[in-house]
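The values are calculated or read from the model by the stated rules, or taken from the named source; none is laboratory data. Fair warning: this is a prediction, and the values are worked out from it, not measured in the lab. Cβ sites come from the backbone with ideal geometry, for glycine too, and all protein chains shown count toward neighbours. These area figures cover heavy atoms from the full protein model, side chains too; ligands, DNA and RNA do not enter into them. Shrake-Rupley method; radii C 1.70, N 1.55, O 1.52, S 1.80 Å.
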Amino acid sequence: MKPGLVIVGASLAGLRSAEAARMHGFHGSITVVGEEPDWPYERPELSKGFLSRHLDGPHPGPGALDPADLELRRATFGPDDQIEWLLGHRAEKLDVENHEVVLDRGKSLPFSMAVVVATGASARRMPAFEKQTGTHVLRSLADARSLRSDLVPGARLVVVGAGFIGCEVAASAVRRGVEVTIVEPLAQPLVRGLGPELGGHIVELHRRHGVTVKLGTSIVEVVGDVRPEEVVCSDGERIPVDVVVFGVGAEPNTAWLSGSGLTLENGVVCDEYCRAAPDVTAVGDVSRFFHAGTTH
Ligand SMILES: Cc1cc2nc3c(=O)[nH]c(=O)nc-3n(C[C@H](O)[C@H](O)[C@H](O)COP(=O)(O)OP(=O)(O)OC[C@H]3O[C@@H](n4cnc5c(N)ncnc54)[C@H](O)[C@@H]3O)c2cc1C
């Protein structure tokens, strides 16, 4: 039987959409499709408690977290809540007119009523600088596991970008005994979000904790055959390095929607109710919804 509602993306927005449908009296069947194999988890912790956990020894640092601690709690709707979770499956295409989502390996998932697009965002990549093992981005639990295993005490880390993710990774890495340098092309960190004054305080805070912060500098090369060995900066400095993290923003996951007829402009463009088209709603980081209080 066709599910009434298909939700694509099994993270915060997908989980909460399924719960909201039930709470608002939707009794039909719901299928949630998610590319990641893990149960929806607290992504914000990946750069904080999860990353600052000490690698060795029986006693993790204060605030340290394991993957099981990250799982998002789910409201229960009785034994028969008819929410099916298709984890580890990627949606490849949306056919709005025929009410169908096409999954990986060509499997068709038709729905009778509506689809919710909750596919979030991915870390922006810098492929020219990501050739060696030991270069990372941070968006998923898999990314965080891989990065955490590289952040051993004494390792030398360069964080490219002093946005929220870059600043949080730097702070967590320092707690693990890693030697950290942040390289940021702008004159202050987080300047777009917080302005120059708060940015200045954040630089001071990092420096007090032993982080080297290079502002107004970009990277021009990551040298190394197998692992990164040096980061070459635009001011000519060559920073010896073992690990590089790129924290240079995120991009909405809309590639699978190309050809769907939805308006895709840095996200799925929606009205003030997150409606993208008849029977199609987009929520969370992938949604670019109209808000009367803003101009974008
Ligand atoms: C390290 C880090 C720290 C953060 N810290 C904070 C914070 O402190 N405060 C804050 O407010 N926000 C923070 N955020 C942002 C917050 O995590 C996001 O706003 C939130 O996760 C958005 O939820 P979402 O469900 O819309 O998208 P996502 O969490 O991105 O989930 C989208 C899901 O859809 C899946 N997916 C994508 N494409 C497909 C497809 N084609 N088929 C099937 N599944 C697909 C993805 O694999 C993913 O599981 C942080 C993010 C990160 C990465």
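General remarks:
- Of all residues in the range 125-147 being part of a helix (DSSP H, G or I) and within 12 Å of the ligand (Cβ to nearest atom), the one that is surrounded by the fewest Cβ atoms within 10 Å (Cβ to Cβ): A142
- Of residues in the range 71-94 being under 13 Å from R22 (Cβ atoms) and of a type in the set (G, A, S), the one farthest from the chain's Cα centre (by Cα): G78
- Pairs with Cβ under 8 Å, 6+ apart, first in the range 160-179 and at pLDDT 95 or above, second aromatic (F, W, Y): V160/F129; V160/F246; G161/F246
- Condition met for T281 (out of contact with any Ser or Thr (no Cβ under 7 Å at 6 or more places or on another chain), of a type in the set (S, T, N, Q) and more than 14 Å from the ligand (Cβ to nearest atom)): no
- Filtered residues of the range 87-124 (kept if in a strand (DSSP E or B) and without any contact (Cβ under 8 Å) to a residue 60 or more places away in the chain): E100, V102, S108
- For D225: the one exception among (1) in a strand (DSSP E or B); (2) surrounded by fewer than 14 Cβ atoms within 10 Å (Cβ to Cβ); (3) not hydroxyl-bearing (S, T, Y): (1)
- The sole residue among V115, V158 that is open to solvent by less than 10 Å² (accessible area, probe 1.4 Å) and within 13 Å of the ligand (Cβ to nearest atom) is V115.
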